[in-house]
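These notes concern the structure reproduced below.
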Amino acid sequence: MSEAKSKVDFKGHEWVRKYVDLEAGRVKPDLVEEYLHELFKKRIAVLDGAMGTMIQGYKLEEQDFRGERFKEHKHPLKGNNDILVLTRPDVISAIHEKYYRAGADICETNTFNGTSIAQSDYHMEPIVYDLNVEAVKVARKAASKLTKEQPWK
């Protein structure tokens, strides 16, 4: 065990040590189900809140939704919050981190409208797969960062 790992303070949640891979910043994949069962026995787990409301607080403009990738798209994209994982992943990551720091144990991906039906409103059906894959990457990265800092969460 590395010195950094041994110095992590589990803040009275020693039971978590068995489940967490601190280097990867995540629950060990083969122990996720067991970890969740144990967590739910011990306390109520907190889920993140409204992503859309948090995004509104950033007062993003059309260019934020377009980014470089969609700057020539023929239809307005402002309000397509899910696309921000592709054009402003920094914003989505920051929101995930805020929820974790506020006490959330679990954050959902920013994919409320990550379907071809919902994306058809913006003529963006072809990007649904990319959008969902990137949303998972952004959420996973934020979760890993906070797990390294607060492994009991």
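All of the numbers you see were taken from the coordinates with simple rules; none came from a lab. Small disclaimer: the values here were computed from a predicted structure and weren't measured. Note: ideal-geometry Cβ built from the backbone for every residue, glycine included; neighbour counts use all protein chains shown.
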Check your understanding: Do the alpha carbons of any pairs in K74/K141; K11/K42; K59/K153; K78/K98 sit beyond 21 Å of each other, and which pairs?
Key -> K74/K141; K59/K153; K78/K98
Exercise for review: Working from Cα positions, state the angle (0 to 90°, nearest 10) between the long axis of helix 128-149 and the longest principal axis of the chain.
Suggested key: 30
**Study point:** Net charge contributed by nearby residues that have their C-beta within less than 9 Å of N113 (K/R +1, D/E -1)
**Key:** -2
Revision key, fill the gap. Note to self, the chain gives a 222 nm [θ] from helices alone (DSSP H runs n ≥ 4, -39500 (n - 2.57) apiece, / all residues, nearest 500) of -12500 deg cm²/dmol
**Study point:** Distance in nm between pseudo-label sites at L36 and E68 (7 Å out along the Cβ direction from Cα)
**Key:** 3.7
Point to revise | Relative contact order of the chain, defined on C-alpha pairs under 8 angstrom at six or more residues apart (%) | key: 30
Point to revise | Table column - 3J(HN,Hα) (Hz), the range 20-34, Karplus curve with 6.51, -1.76, 1.60, x for Gly and Pro | key: 9, 9, 5, 5, 7, x, 7, 5, 4, x, 6, 10, 4, 4, 4
Check your understanding: How much net charge surrounds E68 when only the other residues with a Cβ under 15 Å from the Cβ of E68 are counted, with Lys and Arg +1 and Asp and Glu -1?
Key -> -3
Review point. Taking the simple approach of a point 7 Å from Cα along Cα-to-Cβ for both A45 and V136, what is their distance in nm?
Key: 1.7
Point to revise | Among (i) 1.13; (ii) 1.19; (iii) 1.38, the entry derived from the coordinates for Cα Rg over 2.2 N^0.38 Å | key: (ii)
